[in-house]
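Report on the following structure.
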Protein chains: 2
Amino acid sequence: MIERLAIIGVGLIGGSLARALRAAGAVGEIVGCGRSLGNLERALELGVVDRITQNPAEAVREADMVFLAVPLGAMRGALAAMRDSLRPEAIVTDGGSVKCSVVEDARAVFGRVPPRLVPGHPIAGTEHSGVEASFAELYRDRRVILTPLAETDPEAVARVTAMWQTCGAEVTAMSVAHHDEVLAATSHLPHMLAFGLVDSLARMRENDEIFRYAAGGFRDFTRIASSNPVMWRDICLANREALSAMLARFGVEMTDLAESIRRSDGEHLLEIFARAKAARDRYVDQARPVHEDADRSSSQT
Amino acid sequence: MIERLAIIGVGLIGGSLARALRAAGAVGEIVGCGRSLGNLERALELGVVDRITQNPAEAVREADMVFLAVPLGAMRGALAAMRDSLRPEAIVTDGGSVKCSVVEDARAVFGRVPPRLVPGHPIAGTEHSGVEASFAELYRDRRVILTPLAETDPEAVARVTAMWQTCGAEVTAMSVAHHDEVLAATSHLPHMLAFGLVDSLARMRENDEIFRYAAGGFRDFTRIASSNPVMWRDICLANREALSAMLARFGVEMTDLAESIRRSDGEHLLEIFARAKAARDRYVDQARPVHEDADRSSSQT
Ligand SMILES: NC(=O)c1ccc[n+]([C@@H]2O[C@H](COP(=O)([O-])OP(=O)(O)OC[C@H]3O[C@@H](n4cnc5c(N)ncnc54)[C@H](OP(=O)(O)O)[C@@H]3O)[C@@H](O)[C@H]2O)c1
Ligand SMILES: NC(=O)c1ccc[n+]([C@@H]2O[C@H](COP(=O)([O-])OP(=O)(O)OC[C@H]3O[C@@H](n4cnc5c(N)ncnc54)[C@H](OP(=O)(O)O)[C@@H]3O)[C@@H](O)[C@H]2O)c1
């Protein structure tokens, strides 16, 4: 049971955690903190939070659990603003899509990564933003990755794990670097391809006509290009190394593919497509969650 | 009303046309022709066709309408096999995803493009194959593009148009070259990206673990990588020119994006992402059909 939860950034990710814990009866008071008053007032109206403030120091003053869910570029400022108001026993965790930058931010603000700070990332989301887009079921049957450091307090990890399990999520742990590489491959690179594709079509002459002849597959394929541009700018900047490596790897693959097309090498094309189809079919067979519909309508970062 | 329809290739596309016309009571007898007996017998069992044969010459002998729905690489052989058995008044049309190759095939087989051959392409499909995957509603509220030539008989175009309208589709016409460029952008390029992404992940060490942390967005994004590899090999070979041009254009976009990440140019990244999001949101707002669910679960080639 969490007595007083402070959510810094009451958007899709922060709002959904608040809703899920509330629905489970696992939290006392929820204090919402953010930037714009409009979104915070809406959060209050919707009953997602009990109290609002634009001041992180005030938000965390009596909290036993603090959840940071602002864009990655705003993490350091939020940590700095709350630093001197945190109760010593308070646990701080976050939902940022990249973990090396959050750890670096903590180190910069606190001089070391506080033992009761547990870096985390729910592998769940949609292409929509703000508290309006939040819902209690977002984390059900989804994975949450925690990336504790050697110095992280095991009891803090256990409490954050329990919090996510209460929301229906399955919690796993891995290193910061491994998290950032895996996510670069499965989430950050696909987002770059979707943004890049849609932008390159949008910049073509007659792009209106082009989009007119794009049907079902295109809609699914490009859904993630409707994601929040600020959040994605921050993810790119925060995960620069791992994402650059994945982009380079993908570039090699596409050069090979383009060359095969140019020299009409049907055999090699068939080999690539068949290997990809087999991997994708295997992935779908094994994929959790089993809830096909929930899965279809959501995207992950 | 079509008296005798010959479907050459009773798979997803051919089978769905048969089902749709049957459901509309717009066809007399349907003869199914294909390669493997297994699929044809299944088509007969399912009531998709009334009669089956593995010989295109026999299939078309009494047909007033012939629909070709084999992979693009099999079009020329099918046309050659039926050439001497076509009734002079028979209309031939097809559903191939690339139009320049079909026109070239017809020219090679008949010495010229027959006036009663109407090249066409339904902008509808899924990632599944074979008659089992076919369904009568596939073409409802979807576009069909016809690419008649100067020498094409307007009455033949009118009859093919009416046939697709009976299936609930909206029919438009454009030039062969324009079709192939538009489809390279909206369908063929996205398929290359999906195949390329999944293949490059599948080739990474620990790819099982990578796929384990891929959730909702990845599933949607890569759905089209589950498409038929033979069909896609053929599309690449058939639309080599236009697809190569689109791949080059996309390469320039991705180089720009990768460079921006490498030099931490947040402003430029934000510009790209914001432009892409705006274009994608506009596309979704304007997209037809209105049936969100049908749209979500299907892919187009
Ligand atoms: N969306 C996903 O799919 C997803 C999935 C997993 C993890 N994440 C991570 O979760 C975090 C939040 O993402 P989200 O999708 O929930 O975004 P969101 O819906 O846009 O919510 C972000 C919230 O943070 C507030 N905020 C923005 N800048 C701020 C600043 N400088 N100072 C204080 N508050 C600020 C926003 O306030 P305003 O109302 O004023 O804009 C908004 O309420 C990000 O770190 C992201 O990487 C996202
Ligand atoms: N799938 C889409 O999303 C989509 C959308 C629009 C247009 N198209 C186009 O429609 C055509 C058919 O695609 P589809 O998705 O319907 O494929 P499909 O489900 O695999 O059906 C193709 C059919 O053609 C038969 N076939 C294959 N090779 C043959 C050959 N050499 N000679 C005679 N028959 C042969 C197959 O017979 P077997 O049973 O022996 O394999 C199968 O029944 C392709 O030209 C494709 O470009 C596809």
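The values are calculated or read from the model by the stated rules, or taken from the named source; none is laboratory data. Here the structure is a predicted model, which is why all the values come from computation and not from measurement. Because the Cβ atoms are built from the backbone with ideal geometry, glycine has one as well, and the counts that use them run over all protein chains shown.
Being in contact with a Cys (Cβ under 6 Å, 6 or more places away or on another chain) and of a type outside the set (A, V, I, L, M) is the requirement here; does A:PRO56 meet it?
So A:PRO56 passes the test.
Could you list, ordered by first residue, the pairs with Cβ atoms under 6 Å in which the first is in the range B:33-49 and within 14 Å of chain A (Cβ to nearest Cβ) and the second is within 10 Å of ligand 2 (Cβ to nearest atom), at least 6 apart or interchain?
Final answer for the pair search is none.
Just give me the residues in the range A:134-168 being under 14 Å from the mean Cα position of the chain (by Cα) and of a type in the set (A, V, I, L, M), in sequence order.
Result: A:LEU138, A:VAL144, A:ILE145, A:LEU146.
Evaluate the following for B:ARG219: is it touching a strand residue (DSSP E or B) at 6+ places or on another chain (Cβ under 9 Å) and over 20 Å from A:HIS268 (Cα atoms)?
no
Go through the range B:55-73 and report how many residues are under 26 Å from A:LEU270 (Cα atoms) and more than 13 Å from ligand 2 (Cβ to nearest atom).
So the count comes out to 0.
Is it the case that B:ARG262 is closer than 26 Å to B:GLY96 by Cβ, surrounded by fewer than 19 Cβ atoms within 10 Å (Cβ to Cβ) and facing chain A (nearest Cβ under 7 Å)?
no
Is there any pair with a first residue in the range B:50-66 that is in contact (Cβ under 8 Å) with a residue 60 or more places away in the chain and a second that is among the acidic types (Asp, Glu) whose Cβ atoms are under 9 Å apart and which are 6 or more apart or on different chains, and what are they?
B:ASP64/B:GLU3; B:ASP64/B:GLU89; B:MET65/B:GLU3; B:VAL66/B:ASP94
If we only count helices (runs of 4 or more DSSP H) wholly inside the range B:1-105, which ones have 3 or more residues that are in the same structural domain as B:LEU183 (by TED's automatic domain parsing)?
Numbers: elements: B:12-23, B:37-45, B:56-60, B:75-82.
Here the list is empty.
Which of the residues spanning the range A:103-128 are at pLDDT below 95 and either over 20 Å from B:ALA214 (Cα atoms) or among the β-branched types (Val, Ile, Thr) (or both)?
A:THR126
Given (1) at pLDDT below 95; (2) more than 7 Å from chain B (Cβ to nearest Cβ), identify the lone condition not met by A:GLU267.
Here A:GLU267 clears every test but (1).
Against the conditions (1) more than 11 Å from ligand 2 (Cβ to nearest atom); (2) crowded, with 16+ Cβ neighbours inside 10 Å, where does B:GLU127 fall short? Just the number, please.
Result: B:GLU127 fails condition (1) only.
Can you name the residue in the range A:96-149 that is of a type in the set (Lys, Arg) and away from chain B (no Cβ under 11 Å) and is also farthest from ligand 1 (Cβ to nearest atom) among such residues?
A:ARG112
Just a yes or no: is a residue in the range A:74-85 within 14 Å of chain B (Cβ to nearest Cβ), out of contact with any Leu (no Cβ under 8 Å at 6 or more places or on another chain) and more than 16 Å from ligand 2 (Cβ to nearest atom)? Let's see the steps before the verdict.
Going through the range A:74-85, the residues within 14 Å of chain B (Cβ to nearest Cβ) turn out to be A:74.
Now drop any that are not out of contact with any Leu (no Cβ under 8 Å at 6 or more places or on another chain), which leaves A:74.
When the remaining residues are screened for being more than 16 Å from ligand 2 (Cβ to nearest atom), the result is A:74.
Checking the range A:74-85: at least one residue is within 14 Å of chain B (Cβ to nearest Cβ), out of contact with any Leu (no Cβ under 8 Å at 6 or more places or on another chain) and more than 16 Å from ligand 2 (Cβ to nearest atom).
Exactly one of (1) within 12 Å of another protein chain (Cβ to nearest Cβ); (2) buried (at least 19 other Cβ atoms within 10 Å of the Cβ) is unmet by A:THR152. Its number?
(1)
Exactly one of (1) farther than 21 Å from A:VAL157 by Cα; (2) near ligand 1 (Cβ under 9 Å from one of its atoms); (3) among the small types (Gly, Ala, Ser) is unmet by A:ALA59. Its number?
Looking at each condition in turn, A:ALA59 falls short on (2).
For residues that are of a type in the set (A, V, I, L, M), near ligand 2 (Cβ under 9 Å from one of its atoms) and touching a Cys at 6+ places or on another chain (Cβ under 9 Å), tally how many sit in the range B:8-20.
The total comes to 2.
Is there any pair linking a residue in the range B:120-142 that is assigned to a loop (DSSP other than H, G, I, E, B) to one that is more than 9 Å from ligand 2 (Cβ to nearest atom) and charged (D, E, K, R), with Cβ under 7 Å and at least six apart or on different chains, and which?
B:ILE123/B:ARG142; B:ILE123/B:ARG143; B:ALA124/B:ARG142; B:GLU127/B:ARG223; B:SER134/B:ARG19; B:PHE135/B:ARG19; B:ALA136/B:ARG19; B:ASP141/B:ARG288
Kindly indicate which of B:ALA57, B:ALA43, B:ALA63 is among the hydrophobic types (A, V, I, L, M, F, W, C), within 19 Å of B:VAL109 (Cβ to Cβ) and buried (at least 21 other Cβ atoms within 10 Å of the Cβ).
Values: B:ALA57 fails: buried (at least 21 other Cβ atoms within 10 Å of the Cβ); B:ALA43 fails: within 19 Å of B:VAL109 (Cβ to Cβ).
Testing whether each residue is among the hydrophobic types (A, V, I, L, M, F, W, C), within 19 Å of B:VAL109 (Cβ to Cβ) and buried (at least 21 other Cβ atoms within 10 Å of the Cβ) leaves just B:ALA63.
I'd like the full set of residues that are farther than 21 Å from B:ASP265 by Cα and more than 7 Å from every other protein chain (Cβ to nearest Cβ), limited to the range A:241-259.
Once the filter is applied, which keeps residues that are farther than 21 Å from B:ASP265 by Cα and more than 7 Å from every other protein chain (Cβ to nearest Cβ), the range A:241-259 yields A:VAL252, A:THR255, A:ASP256, A:GLU259.
For the range B:210-235, how many residues meet the condition of being under 30 Å from A:HIS179 (Cα atoms), within 7 Å of chain A (Cβ to nearest Cβ) and in a helix (DSSP H, G or I)?
13
Quick check, is A:ALA238 more than 7 Å from chain B (Cβ to nearest Cβ), surrounded by fewer than 20 Cβ atoms within 10 Å (Cβ to Cβ) and small (Gly, Ala, Ser)?
Against the criterion (more than 7 Å from chain B (Cβ to nearest Cβ), surrounded by fewer than 20 Cβ atoms within 10 Å (Cβ to Cβ) and small (Gly, Ala, Ser)), A:ALA238 does not qualify.
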